[in-house]
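For reference, the structure discussed in these notes is given below.
Here, each number is a calculation from the coordinates, and none is a lab measurement. Worth saying up front: this structure is predicted, and the values here are computed from it rather than measured. Cβ sites come from the backbone with ideal geometry, for glycine too, and all protein chains shown count toward neighbours.
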Amino acid sequence: MATDPMDPATAVTWGPFIQAAYEQFVSAPSVVNPSAIKNMPAGYTLVRTIQMTDSFGPVQSRVFYGFVAVGGTPRTAVVALRGTATNIEWWNDFLWDLVPFTQVPNGGNVAQGFHDIYNTFGTMAPGQQQSTPAPRTFAASIAQAATEGLAAEVDPAGLPVVVTGHSLGAALATLLVTDLTATTPLKPQAWTFASPNVGDAAFAARYGLMSTVSWRIYNQVDVVPYFPVDIFDKYQPVTTGYAINSLGKAKWSMGCAHSLNTYMHVLSPATVPLDQACS
């Protein structure tokens with residue numbers, strides 16, 4: 001695992017991508033495959049949208065969950081995953097039985113709720129009419145989108161790819177980075193915010209073997225990064241953790257401590273204003 005110093009200025013550049021995924025879903029929750037992303041960071045082009053199926057209840061429909069965009073300098077593929085936005089997604093957050101992460105050899109065990117969602121992920125080209133789950137092929141479709149969006153003739157291991165997410169999206173991003181690194185030529189960077197623990201010690205060890213940049217940024221007064229909690233203490237956070245603390249910088253509440261905006265503000269108070277509700 002790469003251990004270069006964590007750069008807060010770099011970290012906050014990925015926040016707007018996650019925020020755009022949130023805003024896209026909230027503004028149009030019934031739109032599974034938007035042709036454009038609301039408030040996409042300037043200079044980036046949408047190349048894929050990401051969908052998932054909620055795994056609880058008799059009615060299971062596809063919903064928008066994130067996107068792949070390409071742009072910036074150097075030209076980079078960014079995979080952005082939003083966090084929990086519905087009651088059903090909150091239910092999935094609390095399915096904590098450990099199950100094998102079978103997508104990756106020697107992948108250890110991960111939370112059932114995260115694994116169930118990850119197994120339903122699929123991608124769509126903007127304008128495509130249908131989205132279906134793609135178990136075991138999601139990482140391959142992301143790798144294809146990144147490679148085509150950047151430069152197909154370049155060694156994929158050298159392509160700049162970033163995977164970023166907040167809360168539940170951060171846990172799913174951790175699974176995706178593990179999958180991409182183990183099963184495709186890509187070596188993506190991982191920048192996650194407020195991630196819960198994803199799996200057991202074997203999963204964390206497998207993740208730690210990756211030769212990629214990885215920062216798991218967590219607020220010390222946010223409860224989510226300390227979950228799931230089990231009586232046998234089997235869950236273990238993945239490397240590399242970077243602690244922030246919003247006490248004295250934002251009003252304390254569970255919502256404010258967990259908010260993506262609070263994370264961004266604490267990392268860069270000069271450039272990211274704090275939401276008025278948390279000031």
In deg cm²/dmol and to the nearest 500, what is the mean residue ellipticity at 222 nm of the chain if only DSSP H runs of at least 4 residues count, each as -39500 (n - 2.57), divided by the residue total?
-9000 deg cm²/dmol
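Among TRP191, TRP14, TRP252, which comes first, then next, by fewest other beta-carbon atoms within 10 Å?
TRP252, TRP14, TRP191
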Among bridges DSSP assigns within the chain, what percent are antiparallel (round to 5)?
55 percent
Calculated FRET efficiency, GLN129 and ASP97, Cβ-Cβ r, R0 41 Å, to nearest 0.05?
0.70
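Residue separation times 0.36 nm, minus the C-alpha to C-alpha distance between SER35 and SER211: what's the value? Please list the in-between numbers first.
On the way: separation 176, 0.36 × 176 = 63.36 nm, distance 3.45 nm.
Taking 0.36 nm per residue and subtracting the Cα distance, the gain is 59.9 nm.
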Sum up the charges of everything whose Cβ sits under 13 Å from the Cβ of VAL70, counting Lys and Arg as +1 and Asp and Glu as -1, but leave VAL70 out.
+1
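Summing +1 for each Lys or Arg and -1 for each Asp or Glu, what net charge is found among the other residues whose Cβ lies under 15 Å from the Cβ of VAL47? Could the numbers behind the result be given before it?
Working: positive: ARG48, ARG75; negative: GLU148.
Summing Lys/Arg as +1 and Asp/Glu as -1 gives +1.
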If you place +1 on the Cβ of every Lys and Arg and -1 on the Cβ of every Asp and Glu, how big does the dipole about the Cα centre of the chain come out, in debye to the nearest 20?
320 debye
Taking the number of other C-beta atoms within 10 Å as the exposure measure, put GLU23, GLU148 in order starting with the fewest.
GLU148, GLU23
So for the chain, taking the charge dipole from beta-carbon charges (+1 Lys/Arg, -1 Asp/Glu), which of ILE50, ALA139, ILE231 sits furthest toward the positive end?
ILE50
If you take the beta carbon distance between LYS251 and ASP155 as r and set R0 to 35 Å, what does 1/(1 + (r/R0)^6) give as a FRET efficiency, to the nearest 0.05?
0.15
With label points built 7 Å along Cα→Cβ from the Cα atoms of GLN220 and ALA42, find their separation and express it in nm.
3.7 nm
Full-stretch length increase - VAL229, ALA28 - with 0.36 nm per residue and alpha-carbon distance subtracted
69.0 nm
Which order results if TYR65, TYR226 are arranged by neighbouring Cβ count within 10 Å, fewest first?
TYR226, TYR65
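Under the classification rounded if a/c is under 1.5, otherwise prolate if a/b is larger than b/c and oblate if not, where does the chain fall, given a ≥ b ≥ c as square roots of the Cα gyration tensor eigenvalues? Don't skip to the end; give the middle numbers.
Numbers: a/c = 1.18, a/b = 1.09, b/c = 1.08.
Note, shape of the chain comes out rounded.
At 0.36 nm per residue, and after removing the present C-alpha to C-alpha distance, how many nm does the segment from ALA140 to ASP4 gain when stretched out fully? Intermediate values should be presented prior to the final figure.
Working: separation 136, 0.36 × 136 = 48.96 nm, distance 2.78 nm.
Result: 46.2 nm gained on full extension.
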